[in-house]
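Engineer: Here it is, the structure in full.
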Amino acid sequence: MTGRGGSLSGTGLVALFVIGAVGGLIGDMCHVESGTTVYLEDPLPYLWKSQLWFPLMVGSGTVALGWIRVRLDGRVRAPERGALREGAVMIAAVVGLYALTALVRGEPQPAAIVLVYAVAAVIVARFATAPADLVCAVLAALFGVGIEIVLAAADVFMYAEDLARFAGVATWLPGLYLAYGVIAGQLALLFSSRPPD
Amino acid sequence: MTGRGGSLSGTGLVALFVIGAVGGLIGDMCHVESGTTVYLEDPLPYLWKSQLWFPLMVGSGTVALGWIRVRLDGRVRAPERGALREGAVMIAAVVGLYALTALVRGEPQPAAIVLVYAVAAVIVARFATAPADLVCAVLAALFGVGIEIVLAAADVFMYAEDLARFAGVATWLPGLYLAYGVIAGQLALLFSSRPPD
Amino acid sequence: MTGRGGSLSGTGLVALFVIGAVGGLIGDMCHVESGTTVYLEDPLPYLWKSQLWFPLMVGSGTVALGWIRVRLDGRVRAPERGALREGAVMIAAVVGLYALTALVRGEPQPAAIVLVYAVAAVIVARFATAPADLVCAVLAALFGVGIEIVLAAADVFMYAEDLARFAGVATWLPGLYLAYGVIAGQLALLFSSRPPD
């Protein structure tokens with residue numbers, strides 16, 4: 001890699017996995033409790049309201065996105081308000097957007113979709129600092145939405161039929177993944193060591 | 001004008017018109033689909049869910065507000081996070097507020113009104129940089145709400161009867177226009193050239 | 001006290017009381033109108049939708065938290081966007097969160113609770129500038145939630161039975177008080193005079 005790439009310690013990778021897994025569990029609980037999503041098969045044990053594969057997938061995805069982000073462009077700017085506070089704002093923003101997608105289930109879907117994408121756009125534009133963040137956002141949306149489309153088609157789980165959907169998943173889903181991808185990458189930057197030069 | 005006034009190129013004016021018209025179409029779609037507003041007369045063709053005069057009015061209003069803002073005080077500060085990202089945050093914030101006004105139709109109206117004005121106040125206080133922004137906010141509210149009151153009285157369109165209303169329009173409407181006025185002016189600053197001194 | 005403590009003028013204390021009392025009246029109106037809370041006893045006259053003790057309690061609490069915050073650590077940083085605009089953003093953020101807690105009454109409670117705590121976390125992490133802010137947040141939550149638990153147990157008022165509750169109060173209530181505590185302290189800093197050194 002070029003000199004712009006930074007690196008993540010083992011502790012950083014573990015932190016990313018835990019944040020992703022716990023955030024995924026909280027958000028999935030919102031989706032399950034609101035009936036937004038329903039697990040149709042349960043080959044694995046449940047962890048809280050989720051099939052075990054779900055937090056493992058979100059945790060691993062967060063590690064992968066973070067690793068890619070730091071490799072692509074590891075240059076770290078001083079965060080606007082201290083790393084801890086900046087990280088807390090970023091995590092809370094994505095978890096809040098996740099909960100919002102559960103709350104709009106019974107609402108008029110066009111307005112719900114516009115609101116989710118608007119909040120996602122605020123998060124992306126507020127926290128992205130380099131083109132590498134957009135790479136992470138697009139990768140998260142492609143792989144996340146793609147995997148969910150496959151699993152919904154395989155009847156592993158389903159999105160409620162009263163939601164606006166495409167290919168079996170909620171129309172607002174790409175917005176949630178775009179925001180998540182940027183934050184996964186930015187959290188990794190907070191945990192990374194600076195590039196050599 | 002004094003030396004504080006800046007200027008807008010033709011490209012900037014076109015960009016303001018397009019942003020206003022497209023944003024208006026998206027927001028109006030939310031209002032129509034949620035039953036918040038209903039067109040009662042359709043003398044012109046529909047564009048998406050809107051009578052053609054609606055996007056033309058919002059686009060023209062955005063150009064007018066932007067032109068006024070830049071003439072009143074064209075001094076540009078470096079935006080906090082790059083012009084493109086700052087513009088994206090501003091547009092997404094107002095479109096999100098627009099969608100929110102559609103989503104609160106069936107909710108308890110007093111709390112809905114407080115939430116809309118609170119979000120509008122955050123947008124105004126977050127993005128306004130000079131007294132000229134408040135001029136734009138007030139102009140947008142006076143003309144926007146005024147025109148809607150006249151058109152509602154003329155039975156061109158109506159706000160749903162289950163909304164809290166005054167003079168035929170939603171009680172939260174001035175809040176939406178105040179936020180829109182500030183953002184129209186600030187977008188114009190992003191597109192403007194600096195004043196001479 | 002140490003040299004880090006600042007001081008509040010009488011005007012500052014009055015301003016804090018008025019902001020707290022008026023904000024409390026607006027938020028309580030949202031709760032009463034949405035049926036989130038119901039007054040069961042009315043020994044005192046009503047002011048708008050609130051028993052008179054409520055705005056007095058919130059106003060006094062805001063003064064107390066502000067006084068504590070300034071004494072603990074009165075060092076003032078220049079606010080990011082001017083004191084007036086920063087104060088307006090902070091007040092609007094907490095009033096908006098207050099209104100949000102009224103709007104989520106009929107929604108799936110787990111997602112509603114996650115959204116309220118996520119927004120509260122954004123407010124805390126966005127506006128806190130020192131450990132003293134967390135002291136104020138915890139004090140507000142302990143005393144605010146504690147007093148409400150006692151008053152609910154005494155049947156002075158009640159939270160609606162269709163809310164997720166603990167000890168008679170809404171599960172999201174600590175989140176609202178945590179955000180309020182930080183903002184009460186930060187508003188006091190805006191009104192305070194700098195410490196001597």
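Rule-based calculations on the coordinates, nothing more; no lab input. In this text, all values refer to a predicted model and were calculated from it rather than measured experimentally. Glycine gets a Cβ as well: all are built from the backbone with ideal geometry, and neighbour counts include every protein chain shown.
Engineer: 5 Å is the cut-off here: which amide hydrogens, built 1.01 Å from N in the peptide plane, fall below it relative to C:SER7, excluding neighbours closer than 5 in sequence?
Structural biologist: C:SER193
Engineer: What is the percent of Cα-Cα separations in the stretch A:107-197 that go past 19 Å? Intermediate results must be reported in sequence, preceding the final value.
Structural biologist: Values: 1940 of 4095 pairs.
Pairs farther apart than 19 Å: 47 percent.
Engineer: Decide, for the protein assembly as shown, between rounded, prolate and oblate: order the square roots of the alpha carbon gyration tensor eigenvalues as a ≥ b ≥ c, take rounded if a/c falls under 1.5, and otherwise choose prolate if a/b is larger than b/c, else oblate.
Structural biologist: On the way: a/c = 1.11, a/b = 1.00, b/c = 1.11.
Rounded, because the longest to shortest axis ratio a/c is under 1.5.
Engineer: Set the Förster radius R0 to 35 Å, insert the Cβ-Cβ distance between A:ALA78 and A:LEU142 as r into 1/(1 + (r/R0)^6), and round the FRET efficiency to 0.05.
Structural biologist: So the FRET efficiency works out to roughly 0.65.
Engineer: Then there's this: Taking a ≥ b ≥ c as the square roots of the Cα gyration tensor eigenvalues, with a/c under 1.5 meaning rounded and otherwise prolate when a/b beats b/c, else oblate, which class fits the stretch C:105-156?
Structural biologist: Details: a/c = 4.29, a/b = 1.19, b/c = 3.61.
Because a/c hits 1.5 or more and a/b fails to exceed b/c, the stretch C:105-156 counts as oblate.
Engineer: Just to be sure I understand: with springs between alpha-carbon atoms less than 10 Å apart, which residue in C:GLU148, C:GLU80, C:GLU41 has the highest mean-square fluctuation in the Gaussian network model of chain C?
Structural biologist: C:GLU80
Engineer: Rounded to the nearest Å, what's the spacing between the alpha carbon centres of the stretch A:155-181 and the stretch A:45-103? Just the number, please.
Structural biologist: When both Cα centres are located, 18 Å separates them.
Engineer: Once phi is turned into ³J(HN,Hα) by the Karplus curve 6.51 cos²θ - 1.76 cosθ + 1.60 with θ = phi - 60°, what whole-Hz value does each residue of the stretch A:153-163 show in order, with x for glycine and proline?
Structural biologist: These are the phi-based 3J(HN,Hα) values: 5, 8, 6, 6, 8, 8, 8, 4, 6, 8, 8 Hz.
Engineer: Using +1 at the Cβ of each Lys and Arg and -1 at the Cβ of each Asp and Glu in the stretch B:76-197, identify which of B:LEU103, B:ALA164, B:VAL119 lies farthest towards the dipole's positive end.
Structural biologist: B:VAL119
Engineer: Considering every pair of different Cα atoms, what Kirkwood radius, in Å, is found for the stretch B:12-120? Spell out each step's value before the answer.
Structural biologist: On the way: mean 1/r = 0.0643 Å⁻¹.
Over the stretch B:12-120, the inverse of the mean reciprocal pair distance is 15.6 Å.
Engineer: Quick one: angle between helix A:10-33 and the longest Cα principal axis of chain A, in degrees between 0 and 90, rounded to 10, please.
Structural biologist: 20
Engineer: What average number of partner chain Cβ atoms lie no more than 10 Å from the Cβ of the residues making up A:95-103?
Structural biologist: Working: counts 6, 9, 2, 4, 13, 5, 1, 7, 9.
Mean partner-chain Cβ count within 10 Å for A:95-103: 6.
Engineer: Additional query: How charged is the neighbourhood of C:ALA170? Take every other residue with its Cβ under 12 Å from the Cβ of C:ALA170, and add Lys/Arg as +1 and Asp/Glu as -1. Could you put the intermediate results ahead of the total?
Structural biologist: Details: positive: C:ARG105, C:ARG165; negative: C:GLU148, C:GLU161, C:ASP162.
Taking every Cβ under 12 Å from that of C:ALA170, the sum is -1.
Engineer: A further question on this structure: Suppose only helical runs count, i.e. DSSP H with n ≥ 4. What mean residue ellipticity at 222 nm does that imply for chain B under -39500 (n - 2.57) per run, divided by all residues and rounded to the nearest 500 deg cm²/dmol? Show your work: numbers first, answer last.
Structural biologist: Details: 6 runs with 126 residues, N = 197.
It lands at -22000 deg cm²/dmol.
Engineer: Can you run phi through the Karplus equation (6.51, -1.76, 1.60; θ = phi - 60°) for the stretch B:56-72 and list ³J(HN,Hα) in whole Hz, with x for Gly and Pro?
Structural biologist: 4, 5, 5, x, 5, x, 5, 4, 5, 5, x, 4, 4, 4, 5, 5, 5
Engineer: Right, here's the next one. Please compute P(r) over all alpha-carbon pairs of the stretch A:64-121, binned at 10 Å starting from zero, and give each bin as a whole-number percent.
Structural biologist: Answer for the stretch A:64-121: a P(r) of 19, 34, 30, 16, 1 percent.
Engineer: Next question. With a/c under 1.5 counting as rounded, go ahead and sort the stretch A:42-197 into rounded, prolate or oblate using the C-alpha gyration tensor (a ≥ b ≥ c being the square roots of the eigenvalues; past the cut-off, prolate if a/b is larger than b/c, else oblate). Write out the running numbers ahead of the final one.
Structural biologist: Numbers: a/c = 2.06, a/b = 1.56, b/c = 1.32.
It comes out prolate by the Cα gyration axes.
Engineer: Also, I was wondering about something else. Charges only on Cβ, +1 for Lys and Arg, -1 for Asp and Glu: so what's the dipole of chain B about the Cα centre, in debye to the nearest 20?
Structural biologist: On the way: 12 positive and 14 negative charges, 176 e Å.
With Lys and Arg at +1 and Asp and Glu at -1, about 840 debye.
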